[in-house]
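Trainee: Below you'll find the structure I mean.
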Amino acid sequence: MEQLIEILLPVVIGTIMFGIGLNLTVRDFKNVFVYPKSVVIGLVGQLVLLPAVAFLIAFLLPIDSVYKMGLVLLSACPGGTSSNIVTFMLKGKLALSVSITAINSFLIVLTIPIILTIAQRFFYANQFSQPLSFQNTLIEVVLTVLLPVLSGVFVQSRMGSILIWLKRVLRWFLPTLLFLTFGVLLLLEQQSETVRVNGYFWLIVAGLILNLSVIALGFVLAGWARLAHKSRYTIAIEMGLQNSALAIFLANNVLMNEEIALMAVVYGSFSFFTTLIFVYILKNRFHPAYRLISNRKK
């Protein structure tokens, strides 16, 4: 089982981050300066609000410290291709979604080691044989995130018409790859019997609370900043979908603990669908036209 995970995860995470890079252009980074308010609000939500909520849930729920660590690790990961796909499906601001993903994919080189170090001190200090190395975590994130993304950006700038075809294939291939990975990992975890049914229940509860609460908070935060409706639910999508595959990889290769990865496995198995449904409700229920019609009926 361990050998399969060691081979599978690097391939999956490398492919996903490369696919993200293929969708990035210089224009996406220019959007930070053209539309700074929306991008900054989205990044504040992901980098500050999301981990804060995860820490709060971890403190309040009766789950083992290993899963508390997994919840915080998950919150530290950026949105991935899944958030871009849900944004596309719900006709949100795709440029904004990609821009937030792009900038955050670089910022996590610093933020993930910091958040993991803090989480270890709160939840997991006594279970490490040696302290978590900030430097080793930083190197791992650079190798598994930054380099594949930069490779994708480079290839994107050099390819011609084949790029359009490749993007179309990856748009559906990457989520499929994710779901297959989650399915395999869940199957392996069930066979190893590391978690009982009651344990899965609390992991699902923790994941659902995190998913739905940060979507709602992201939508409210964007509304408080007086962003357009499309920007509001686009940021909500970015808040609700984390790169679970990256969290699984870091749990296994940096923290060296498969149980920590289980939180990301469980979360990744349902968050795509719950985010799609909840944001669809927010999009329509709080659309200005809908509210106008409701007020007229009153």
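Trainee: Could you check, for the stretch 27-38, whether at least one of its residues is of a type outside the set (D, E, K, R) and modelled with pLDDT of 80 or more?
Mentor: Among the residues of the stretch 27-38, at least one is of a type outside the set (D, E, K, R) and modelled with pLDDT of 80 or more, which makes the answer yes.
Trainee: Would you check which residues across the stretch 58-98 are under 20 Å from G268 (Cα atoms), part of a helix (DSSP H, G or I), hydrophobic (A, V, I, L, M, F, W, C) and within 17 Å of the chain's Cα centre (by Cα) and list them?
Mentor: Listed by number, the residues that qualify are M69, L71, V72, L73, L74, A76, I85, V86, F88, V98.
Trainee: Answer with yes or no whether A247 is buried (at least 16 other Cβ atoms within 10 Å of the Cβ), modelled with pLDDT of 85 or more and either within 22 Å of S83 (Cα to Cα) or not hydroxyl-bearing (S, T, Y) (or both).
Mentor: Criteria not met by A247.
Trainee: Return the residues of the stretch 220-235 that are crowded, with 20+ Cβ neighbours inside 10 Å and either closer than 13 Å to L94 by Cα or charged (D, E, K, R) (or both); say none if nothing qualifies.
Mentor: Across the stretch 220-235, the qualifying residues are S231, R232, Y233, T234, I235.
Trainee: Then there is this: Could you say whether any residue in the stretch 95-105 is touching a residue at least 12 places away in the same chain (Cβ under 8 Å), under 19 Å from L276 (Cβ atoms) and not hydrophobic (A, V, I, L, M, F, W, C)?
Mentor: yes
Trainee: Right, something else. Find the residue count for the stretch 269-293, including only residues that are more than 11 Å from M89 (Cβ to Cβ), modelled with pLDDT of 90 or more, under 19 Å from the mean Cα position of the chain (by Cα) and surrounded by 14 or more Cβ atoms within 10 Å (Cβ to Cβ).
Mentor: 2
Trainee: Quick check on my filter: what residues within the stretch 61-88 are crowded, with 23+ Cβ neighbours inside 10 Å, among the hydrophobic types (A, V, I, L, M, F, W, C) and under 18 Å from P51 (Cα atoms)?
Mentor: Within the stretch 61-88, M69, L71, V72, L73, L74, A76, C77 qualify.
The values are calculated or read from the model by the stated rules, or taken from the named source; none is laboratory data. Since the model is a prediction, treat every value here as computed from it, not as a measurement. No Cβ is skipped: glycine too gets one built from the backbone with ideal geometry, and neighbour counts run over all protein chains shown.
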